[in-house]
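The next block holds one structure in the form of structure tokens; read it before the comments.
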Amino acid sequence: MALHAQYALDIAPVPSLHAEDYVISAANHALCSVLLQLPSELSPIVVLSGAKASGKTHLLRWLASKRDVVWLQPAELGYAPSEQWMKPGLLYVLDDAQLASEAALAQAINVARAGGSMLLLSVAEDASWQTQDLRSRMMAAHRLFMPEADDALRSAVLIKRLSDLQWRCEPEVISFILSRLPRDMGSLQQFIARAHLEGLVQKRALTVPFAARILAELESSHVS
């Protein structure tokens, strides 16, 4: 690996997950409203599904800033029986639920259903479960899905991320990037990371020609 490439990997930017940085647009407004109203007539088990880098964790951080939730860590689930710590009326949030012990997750689901608490789980869209017992419980849960980002959301996220990196761009550069990137947020994050790192190494501003080269490199890497 070239030295500049290794340097770029070592300083890859980390997206901000602060609640105040979460962007709400027409695309995700309805989902945000549903989460704010939990619990409701929905199942006590709610599964939020979405692709990698679609914003699940950031959305849940935003939710935690707006209402009382108990944030759970996958690695900690199962340290103690769920009936010892899950309390009625509370909303428990477990991000990346597919990383938790399946036995502990199934037990938490059972306790939430029987004890009057609510469990909000975020999972990768390709998550799979080894046991039929857990598969049936997940299928019985109410499912919510991360929506496809609209142009307003993509533009706001791109501008915000570039601003966080002290990178100012002209509107025509933003329009050029968004018109040529795939619409998923993962592709947007890949572009930001690669452009930022190469810009640091080469000490370049983000112009249309530079953006075009980054887009071509990303497309070539996907094809190969």
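Where a number appears in this text, it was derived from the coordinates with a stated rule and is not lab data. Given the structure is predicted, the values throughout are model-derived calculations rather than measurements. Cβ sites come from the backbone with ideal geometry, for glycine too, and all protein chains shown count toward neighbours.
A few comments on the model shown:
- Value in Å of the Kirkwood radius, where the stretch 28-81 supplies the Cα pairs that are averaged: 12.9 Å
- In order along the stretch 151-156, the phi-based Karplus estimate (6.51 cos²θ - 1.76 cosθ + 1.60, θ = phi - 60°) of 3J(HN,Hα) comes to 4, 5, 5, 4, 5, 5 Hz; Gly and Pro are listed as x.
- Exposure proxy shown here: for Val34, Val123, the number of other Cβ atoms within 10 Å sets the order, fewest to most, as Val34, Val123.
- Each of Ser179 and Lys160 was given a label point 7 Å from its Cα along the Cα-to-Cβ line. The distance between the two points is 2.5 nm.
- Dimensionless Rg/Rh of the stretch 179-224 - Kirkwood Rh, Rg from C-alpha atoms: 0.95
- Ranked by the mean number of other Cβ atoms within 10 Å of their residues, highest first, the peptides 42-49, 21-28 come out as 42-49, 21-28.
- Bins of 5 Å, starting at 0 and running to the largest distance - Cα pair percent for the stretch 149-223: 3, 16, 32, 29, 16, 4, 0
- Ratio of the Cα radius of gyration of the stretch 29-145 to 2.2 N^0.38 Å, where N counts its residues: 0.97
- A Förster radius of 22 Å combined with the Cβ-Cβ distance from Ser136 to Leu42 puts the calculated FRET efficiency at roughly 0.75.
- Spin-label pair Ala127/Ser221, simplified geometry with 7 Å Cα→Cβ offset, distance in nm: 2.7 nm
- By the count of neighbouring beta-carbon atoms within 10 Å, fewest first, His142, His18 end up ordered His18, His142.
- Top positive-direction residue, dipole computed over the stretch 82-224 with Cβ charges, set Ala97, Gly115, Ala216: Ala216
- Taken along its principal axes, the alpha carbon cloud of the chain reaches lengths of 59, 38, 27 Å, longest axis first.
- When peptides 176-187, 202-213 are ranked by their average number of other Cβ atoms within 10 Å per residue, the highest-first order is 176-187, 202-213.
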